[in-house]
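The values are calculated or read from the model by the stated rules, or taken from the named source; none is laboratory data. Every value quoted in this text rests on a predicted model; they were computed, and no experiment measured them. With ideal geometry, Cβ positions are generated from the backbone for all residues, glycine too; neighbour counts draw on all protein chains shown. SASA here: full protein model, heavy atoms, side chains in, ligands and nucleic acids out. Shrake-Rupley method; radii C 1.70, N 1.55, O 1.52, S 1.80 Å.
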Amino acid sequence: MSRNSNPYDLSSRDPRQRIVPPRSLYHRGLIAGLAFLGPVFGVLYIIVLPDGPWLAVVITQVVAILVAVVAIVAYFRIGIWFSAEAPVVSERGFFGRTVHFNKADAEHMLVAEVYTSDGLESRPTLAVMGPNKRRLLRMRGQYWAPEHFDLVAAAFSVPTTRIAGTVSTGEIREDYPESLYFFERHPTAFIAVAIGATAATAAILMAALAYLRTLSS
């Protein structure tokens with residue numbers, strides 16, 4: 001469904017119910033960001049002050065703060081809009097991508113309790129599947145509260161598969177691969193991309209640090 005044909009605008013006037021991630025997720029992300037940026041810029045200021053190119057570090061810090069502000073705004077725009085009466089379900093993700101689909105397109109729902117990557121905990125997962133095994137909606141317990149799963153599940157009158165017990169992502173990948181995101185279906189490729197991005201970021205930071213040292217010498 002195109003955005004232009006969607007009768008709902010995702011604003012406060014939207015008659016549908018909106019669910020958003022728990023505020024605790026925002027708090028954890030904020031603490032993690034401060035724990036990372038604080039030591040990094042603290043070291044940079046120690047290196048460049050008092051006679052180094054401190055202005056470059058200040059500009060870099062301002063850019064980092066702006067990026068953090070954009071991330072915070074994006075977080076508070078996340079949501080899933082639905083209701084028992086509305087024929088359309090909408091989802092807006094962290095990166096701003098908005099998806100709309102008709103509830104009539106939903107053919108099947110998968111609900112499972114899945115182990116986290118460390119295997120010490122488990123969290124619920126829900127996937128609404130459409131024609132040709134197309135994933136229409138995916139919810140993971142890392143980002144949604146338990147009551148959100150019940151609310152969304154109640155909005156669809158479709159056959160539901162509830163996997164007994166607790167399973168791993170690998171088992172879901174083997175039996176229901178279409179319900180997963182790309183990076184979950186291809187974990188090796190995702191790890192390779194993550195390592196490459198980390199290496200590229202580290203290289204940029206090292207180059208910037210070497211440049212700052214050159215200016216201060």
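Residues in segment 8-29 that are open to solvent by less than 70 Å² (accessible area, probe 1.4 Å) and touching a residue at least 40 places away in the same chain (Cβ under 8 Å): Y8, L10, D14, R16, I19, V20, P21, P22, L25, Y26, G29.
Residue-by-condition table, conditions (1) at pLDDT 70 or above; (2) over 29 Å from V111 (Cα atoms); (3) of a type outside the set (F, W, Y); (4) under 22 Å from the mean Cα position of the chain (by Cα):
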| site | (1), (2), (3), (4) |
| --- | --- |
| E174 | yes, no, yes, no |
| F182 | yes, no, no, yes |
| I191 | yes, no, yes, yes |
| T198 | yes, yes, yes, yes |
| A203 | yes, yes, yes, no |
| A210 | yes, yes, yes, no |
| S216 | no, yes, yes, no |
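Within segment 63-85, being more than 15 Å from the chain's Cα centre (by Cα) and open to solvent by 70 Å² or more (accessible area, probe 1.4 Å) holds for V63, I65, L66, V67, V69, A84, E85. Whenever a residue of segment 50-61 is modelled with pLDDT of 75 or more, its partners that are not hydroxyl-bearing (S, T, Y), lying with C-beta atoms within less than 7 angstrom and at least six residues away or across chains, give the pairs V57/F41; V57/L44; V57/V48; Q61/F41.
Screening P39 with (1) at positive phi; (2) without any contact (Cβ under 8 Å) to a residue 60 or more places away in the chain gives one miss only, at (1). The combined condition, being part of a loop (DSSP other than H, G, I, E, B), at pLDDT 90 or above and surrounded by 14 or more Cβ atoms within 10 Å (Cβ to Cβ), is fulfilled by F156.
Do we have G165 as at positive phi and surrounded by fewer than 11 Cβ atoms within 10 Å (Cβ to Cβ) here? Judged against the criteria, G165 is a match. Just a yes or no: is a residue in segment 39-61 within 17 Å of the chain's Cα centre (by Cα) and either open to solvent by less than 50 Å² (accessible area, probe 1.4 Å) or of a type in the set (D, E, K, R) (or both)? Checked against the condition, which is being within 17 Å of the chain's Cα centre (by Cα) and either open to solvent by less than 50 Å² (accessible area, probe 1.4 Å) or of a type in the set (D, E, K, R) (or both), segment 39-61 yields no hits at all. Within segment 81-98, the set of residues being within 17 Å of Y181 (Cα to Cα), in contact with a strand residue (DSSP E or B) (Cβ under 9 Å, 6 or more places away or on another chain) and not hydroxyl-bearing (S, T, Y) comprises E91, R92, G93, R97.
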